[in-house]
Amino acid sequence: MKRSPEFQHSVRQYINGRWETGVTTGRSINPSDLRETVAEYARADRNQTDLAVRAAADALRAWSLTTPQRRADALDQIGSEILARRDELGLLLAREEGKTLPEAVAEAARAGQIFKFFAGEALRVGGESIASLRPGVHVDVSREPVGVVALIAPWNLPLAIPAWKIAPALACGNALVFKPSELVPACGWALADIISRAALPAGTFNLVMGSGREVGQALAEHPLVDAVSFTGSAANGQRVLLATAARRAKVQLEMGGKNPLVVLADADLELAVDCAVQGAYFSTGQRCTASSRLIVEAPVHDAFVARLKQRIASLKVGHALEPGVDIGPVADGRQLQKNLDAIAAAGEEGAEHVWGGEQLQRPSEGHYLSPALFLAKPAHRIAREEVFGPVACVLRADDADHALALANDTPFGLCAGICTNSLRHAMHFRRHARVGMTMVNLPTAGIDYHVPFGGRKASSYGPREQGRHAAGFYSILKTGYLRA
Ligand code: NAP
């Protein structure tokens, strides 16, 4: 098996163009091998967070007045370095977060592509010119930066999510403070290290690390922070919402999901099983878009479950760097316990256990969990609450209408998929699924970076992320009237 390198990162924060130690030090641990410290990292408190915000506020004018070409060049340089170092960054990601090496390298590449995409977008931050209602008057609508933005990210996509926040923030001319999750500080630092070489004015980009309750909350409450983009759990999103609403700051929240994948009787069953396996279990099921509810029409229910069980049983769970591993470890001990609690609750509530859900021993001590599958009823917690692990349930549907009703019977509304060969059913589902994203004959997880990303209901709040629509959050419209 390929071993990880022996070096340890000792990583610092980046504040006002300088690398800074913290008030305390934390350690991130490899979930595939708990003996390995991936990084010792500097942790901020409220005071140091305040310094970072003030640095951004001071830098804002210089960066907001740079030319689009300067912004595009900086983002392009960052994207090029990430792409050139995708293998090394992927290795770091796999060690720190636990996704398999191929998945991690693909995520690193995606982060690079996102910077490249927004390098182009920096040139296209445009407005419109509209005829006035009055003679001799010109009207134009232009976009200006929001100001100082705070970017708070989760651990499950530790390169891609920061990339899809940082890149549009810079493209639109904002100064920013980025706080990665405490589980993945080395990934946050690696991005900051690359960004530091783009020679942005000091203070334009700042990295602070530390607890969400202290550093994240301080960012959400800070009077100089004009906008907060948060991705994480619904509970913490609510805290950010309250803090930002109280001072009328702009806010964007991307939160959890309980995404349905509907399988109709006319579906290609092999394709449906593929979609379910990829959507529910790859990346250890730790994706907001994971297909954790598989809603199957009665005539194919038993055949689907039998085939899915066979496929899950063949999946290899193991060290993220081991070739051939399909599912890496759960990201940390707290997350593992949450998964085990959800699995236990499913059994207690009467959901029928089909496969998995046991802790596994591997040559290295890690948070290994076998992929779990249950047959559930709509009221079961396993069918209602986000688990955020390799755990899925199957719900039986009487017909296509019942399947759609079950798909919508959730507080969440991120992504919904359907496997069917009927154009009529596919179009009806796309129109009536109460979500932000739909998939037909595709897994619910796996999205493109050049189109809007986000959901409805408890999954999302505020303007969409990604693609050209990201500018809706990272800029403010100004309407100018002029009499010549
Ligand atoms: P989390 O615990 O809510 O943490 C997300 C980030 O918020 C972390 O950086 C965290 O800091 C910080 N935070 C915690 N409390 C805070 C507070 N009071 N104020 C401000 N920030 C605070 O979520 P997670 O466990 O990292 O990520 C898993 C969740 O993210 C799942 O629910 C998943 O569905 C969701 N997610 C959603 C999307 C999407 O786009 N919809 C994408 C990926 C993940 P620390 O953890 O470092 O203390």
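The values are calculated or read from the model by the stated rules, or taken from the named source; none is laboratory data. Bear in mind that the values here come from a model prediction, so they are computed numbers and not experimental data. Cβ placement follows ideal geometry from the backbone for every residue including glycine, while neighbour counts extend to all protein chains displayed.
Just one of the listed residues (Glu365, Glu349, Glu322, Glu358) is of a type outside the set (S, T, N, Q) and out of contact with any Leu (no Cβ under 9 Å at 6 or more places or on another chain), and it is Glu349.
Could you check, for the range 157-170, whether at least one of its residues is in contact with a helix residue (DSSP H, G or I) (Cβ under 7 Å, 6 or more places away or on another chain), within 30 Å of Leu91 (Cβ to Cβ), of a type outside the set (A, V, I, L, M) and without any contact (Cβ under 8 Å) to a residue 60 or more places away in the chain? Yes, the conditions are met somewhere in the range 157-170. Taking (1) of a type in the set (Gly, Ala, Ser); (2) more than 18 Å from Asn206 (Cα to Cα); (3) more than 21 Å from the chain's Cα centre (by Cα) in turn, Gly98 satisfies each apart from (3).
If you go through the range 110-147 one residue at a time, how many are more than 16 Å from the ligand (Cβ to nearest atom), within 23 Å of Leu60 (Cα to Cα) and either of a type in the set (Val, Ile, Thr) or part of a loop (DSSP other than H, G, I, E, B) (or both)?
Restricting attention to the range 110-147, the residues satisfying the condition of being more than 16 Å from the ligand (Cβ to nearest atom) are 112-113, 115-147.
Now drop any that are not within 23 Å of Leu60 (Cα to Cα), which leaves 115-127, 141-147.
Next, from what is left, pick out any that are either of a type in the set (Val, Ile, Thr) or part of a loop (DSSP other than H, G, I, E, B) (or both): 124-127, 141, 146-147.
Here the count works out to 7.
Could you check how many residues of the range 440-460 are touching a residue at least 60 places away in the same chain (Cβ under 8 Å) and closer than 23 Å to Ala276 by Cβ?
First, pick out the residues of the range 440-460 that are touching a residue at least 60 places away in the same chain (Cβ under 8 Å): 441-447, 449-450, 453-455, 458-460.
Subset that is closer than 23 Å to Ala276 by Cβ: 441-447, 453, 455, 459.
Adding up the residues that qualify gives 10.
When you scan the range 259-272, how many residues do you find that are buried (at least 23 other Cβ atoms within 10 Å of the Cβ) and in contact with a Lys or Arg (Cβ under 8 Å, 6 or more places away or on another chain)? Qualifying residue count, the range 259-272: 3. For Thr438, the conditions (1) assigned to a loop (DSSP other than H, G, I, E, B); (2) of a type in the set (S, T, N, Q); (3) within 18 Å of Ala290 (Cβ to Cβ) all hold with the exception of (1).
Within the range 307-338, being in contact with a strand residue (DSSP E or B) (Cβ under 6 Å, 6 or more places away or on another chain) and either acidic (Asp, Glu) or within 16 Å of the ligand (Cβ to nearest atom) (or both) holds for one residue alone: Val330.
Apart from one condition, Ser233 fits all of (1) under 29 Å from Thr289 (Cα atoms); (2) more than 8 Å from the ligand (Cβ to nearest atom); the exception is (2). Here Val208, Val240, Val225 are screened, and the one residue that is near the ligand (Cβ under 7 Å from one of its atoms), more than 30 Å from Val296 (Cα to Cα) and crowded, with 24+ Cβ neighbours inside 10 Å is Val240.
Is it the case that Thr284 is at pLDDT 95 or above, within 10 Å of the ligand (Cβ to nearest atom) and under 16 Å from the mean Cα position of the chain (by Cα)?
Details: at pLDDT 95 or above: yes; within 10 Å of the ligand (Cβ to nearest atom): no; under 16 Å from the mean Cα position of the chain (by Cα): yes.
For Thr284, the condition - at pLDDT 95 or above, within 10 Å of the ligand (Cβ to nearest atom) and under 16 Å from the mean Cα position of the chain (by Cα) - is not met.
Annotation note: of Leu60, Leu151, Leu89, Leu83, the sole residue that is under 26 Å from Pro31 (Cα atoms), out of contact with any Phe, Trp or Tyr (no Cβ under 7 Å at 6 or more places or on another chain) and buried (at least 19 other Cβ atoms within 10 Å of the Cβ) is Leu89. Contact map, the range 194-223: residues that are over 21 Å from Val23 (Cβ atoms) and assigned by TED's automatic domain parsing to the domain that holds Ala62 paired with residues that are among the acidic types (Asp, Glu) and away from the ligand (no atom under 16 Å from the Cβ), Cβ distance under 6 Å, separation 6+ or inter-chain. Pairs shown: Ile194/Glu81.
Being of a type in the set (A, V, I, L, M), more than 14 Å from the ligand (Cβ to nearest atom) and out of contact with any strand residue (DSSP E or B) (no Cβ under 6 Å at 6 or more places or on another chain) is true for just one of Val263, Val277. Which residue is that?
Values: Val263 fails: out of contact with any strand residue (DSSP E or B) (no Cβ under 6 Å at 6 or more places or on another chain).
Matching residue, one of Val263, Val277: Val277.
A residue that is of a type outside the set (Asp, Glu), over 17 Å from Gln252 (Cα atoms) and either touching an Asp or Glu at 6+ places or on another chain (Cβ under 9 Å) or modelled with pLDDT under 95 (or both) occurs somewhere in the range 429-445. Within the option set Ala171, Ala186, Ala175, being closer than 20 Å to Val251 by Cβ and touching a strand residue (DSSP E or B) at 6+ places or on another chain (Cβ under 7 Å) holds for one residue only, Ala175. Just to be sure before I move on: is Ile152 within 11 Å of the ligand (Cβ to nearest atom), at pLDDT 95 or above and of a type outside the set (S, T, N, Q) in the structure I sent? Spelling it out, Ile152 is indeed within 11 Å of the ligand (Cβ to nearest atom), at pLDDT 95 or above and of a type outside the set (S, T, N, Q).
Criterion applied to Ala167, Ala186, Ala163 was being assigned to a helix (DSSP H, G or I), within 16 Å of the ligand (Cβ to nearest atom), among the small types (Gly, Ala, Ser) and farther than 24 Å from Ala57 by Cα, and the one residue passing it is Ala186. Checking Val440, Val387 one by one, the residue that is crowded, with 23+ Cβ neighbours inside 10 Å and of a type in the set (A, V, I, L, M) is Val387 and no other.
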